[in-house]
1. Go over the candidates 105, 83, 95 one by one and state the one that is in contact with a strand residue (DSSP E or B) (Cβ under 6 Å, 6 or more places away or on another chain), farther than 14 Å from residue 62 by Cα and surrounded by 11 or more Cβ atoms within 10 Å (Cβ to Cβ).
2. Identify the single condition in (1) touching a residue at least 40 places away in the same chain (Cβ under 8 Å); (2) under 16 Å from residue 109 (Cβ atoms); (3) surrounded by fewer than 14 Cβ atoms within 10 Å (Cβ to Cβ) that residue 29 does not satisfy, given that it satisfies every other one.
3. Could you go through region 108-120 and let me know if any residue there is crowded, with 17+ Cβ neighbours inside 10 Å, in contact with a strand residue (DSSP E or B) (Cβ under 7 Å, 6 or more places away or on another chain) and either modelled with pLDDT of 95 or more or within 20 Å of residue 10 (Cβ to Cβ) (or both).
4. Before we move on, is residue 126 in contact with a helix residue (DSSP H, G or I) (Cβ under 6 Å, 6 or more places away or on another chain), assigned to a strand (DSSP E or B) and more than 14 Å from residue 21 (Cα to Cα)?
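The values are calculated or read from the model by the stated rules, or taken from the named source; none is laboratory data. Predicted model, so just to flag it, every value in this text is computed and none were measured. Here the Cβ positions follow ideal geometry from the backbone for every residue, glycine too, while neighbour counts run over all protein chains shown.
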């Protein structure tokens, strides 16, 4: 896989199950973090007292963080209403030439900022709220 443009990493939301995904407009940066919690099962009989982990145990989660500018009224209003409703809806992350990650997320942080001589910006963080699905690019 060759180098990819950061702008091609897309974040999409499906606020209504009867409608399709809409791209979150004005995103300038996005970061996706995968985490897996380990379960330590080391005991006094562990070989050489090396830590042992229990495979397939623990929690897995995905965090998505991003920032940008609001410029599309539809997606701006959707983000705000989803946050204030503490809604859990389907989101889609499109990784160019890699694949798509989809599943339920909740917006857990929404921040606004702006400089006197500049544009209004936002930052948001999403946390996974269920099973994730990954579809590899064809």
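1. Just a single option satisfies the conditions, and that option is 83.
2. For residue 29, the failing item is (1).
3. Keep residues of region 108-120 that are crowded, with 17+ Cβ neighbours inside 10 Å, which gives none.
No, region 108-120 contains no residue that is crowded, with 17+ Cβ neighbours inside 10 Å, in contact with a strand residue (DSSP E or B) (Cβ under 7 Å, 6 or more places away or on another chain) and either modelled with pLDDT of 95 or more or within 20 Å of residue 10 (Cβ to Cβ) (or both).
4. Details: in contact with a helix residue (DSSP H, G or I) (Cβ under 6 Å, 6 or more places away or on another chain): no; assigned to a strand (DSSP E or B): yes; more than 14 Å from residue 21 (Cα to Cα): yes.
The answer is no for residue 126.
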